[in-house]
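Every read-out reported here was derived from the displayed coordinates using simple, explicitly stated rules and does not represent laboratory data. Owing to the predicted nature of the structure, the values given are computational and were not obtained by experimental measurement. Cβ atoms come from the backbone with ideal geometry, glycine included; neighbour counts cover every protein chain shown.
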Amino acid sequence: MKATQFEFRFRIWIAVALYVLGFSAPWSSILSRYVDIAPDTTAWLALSTALARLGWFSLSQATILVTSLAIACVFLGSLLRIWGTAYLGSSVVHSGAMHAEQVMASGPYRYTRNPLYLGTWLFSIGVAILMPPSGAVFFLLGTFLFYYRLILGEEDYLTKQQGAAYLEYRRRVPQILPSLRPRLAASEARPRWLQGLIGESFTFAFACCFAVLAWRYEAHLLIRCILICFGLSLVTRAFLPRESPAPA
């Protein structure tokens, strides 16, 4: 079930493909013949309407709740990725090859072994409300399965390269869901916040746009923001200097 080297090397573009399929949902027009959901409806509206029909909230209150939770997921996911990238190093995070120079056991890696992927999943939950309902389901399932395969592939590689040191780290630190307190003593590693912020400029820039513009309830506007933020992040990362991962 673990990802191949090909999947790891081209993981960014596989993720882009998942986004494209999630937003376009080319099967939605066919599905609408059998399910009473308009093909141009967003998961945002569908979730808000479903909550309102339960009678717990008015449609306005349900929409505010869904919007607030989506913003929280996007921001929490972005901040978690910035935190992890600040310790691991942007060039390592975005490299096409796996790295195993040492066990990274600093910052968020004291609470969970995979803060970057956890951040990606949280971010994806927030973004998914802008997609058609069936596209959102496909996107979230595809994203979870794809990144979990990457986790299995990376951990297998790290175990082979680092041996007992990584096995001990795996024994003490949870794989995904973070512990409430650090499982390891603090090391001397220091975060490089600017590197983390620039390296995760896409998620952070979109989180800011989402927090400001979501209250206009215009999904198409936010989709354009995704495209702009992603394009700018590619340009920004091109100017990042190469660096080695921080010592654990």
Roughly what would the spin-label model give for L167 and E188, points 7 Å off Cα along C-beta, in nm? 2.9
Max mean-square fluctuation residue, GNM over the chain, Cα-Cα springs under 10 Å, options W13, W56, W193: W56
Segment 5-238 - charge dipole about Cα centre, Lys and Arg +1 at Cβ, Asp and Glu -1, debye rounded to 20: 420
Assertion target for F57, F75, ordered by fewest C-beta neighbours within 10 angstrom first, is F57, F75
Could you work out the local net charge near F146, counting Lys and Arg as +1, Asp and Glu as -1, over the other residues with Cβ closer than 14 Å to its Cβ? +2
Work out the charge dipole of segment 5-238 with +1 on the Cβ of Lys and Arg and -1 on the Cβ of Asp and Glu about the Cα centre, then indicate which of L122, G22, G84 is farthest towards its positive end. G84
Compute the signed sum of charges (Lys and Arg +1, Asp and Glu -1) over the other residues within less than 9 Å, Cβ to Cβ, of R183. +3
Based on the alpha carbons, how large is the Rg to Rh ratio for the chain when Rh follows Kirkwood? 1.00
Longest exposed-site-free window of the chain, the sites being trypsin sites (Lys or Arg not before Pro) in a DSSP loop that have at most 10 other C-beta atoms within 10 Å: 34-241
Quick one: if the Förster radius is 35 Å, what FRET efficiency do W215 and S179 give, using the C-beta to C-beta distance and rounding to 0.05? 0.50
Work through the residues other than R110 whose Cβ is under 11 Å from its Cβ and net out their charges, Lys, Arg +1 and Asp, Glu -1. +4
Taking the Cα-to-Cβ direction at E7 and at V235 and moving 7 Å from each Cα, how far apart do the two end points lie in nm? 3.4
The chain - mean residue ellipticity at 222 nm from DSSP helices (-39,500 (n - 2.57) per run, n ≥ 4, rounded to 500): -20500 deg cm²/dmol
Rounded to 10°, Cα long-axis angle of helix 219-238 versus longest principal axis of the chain: 20
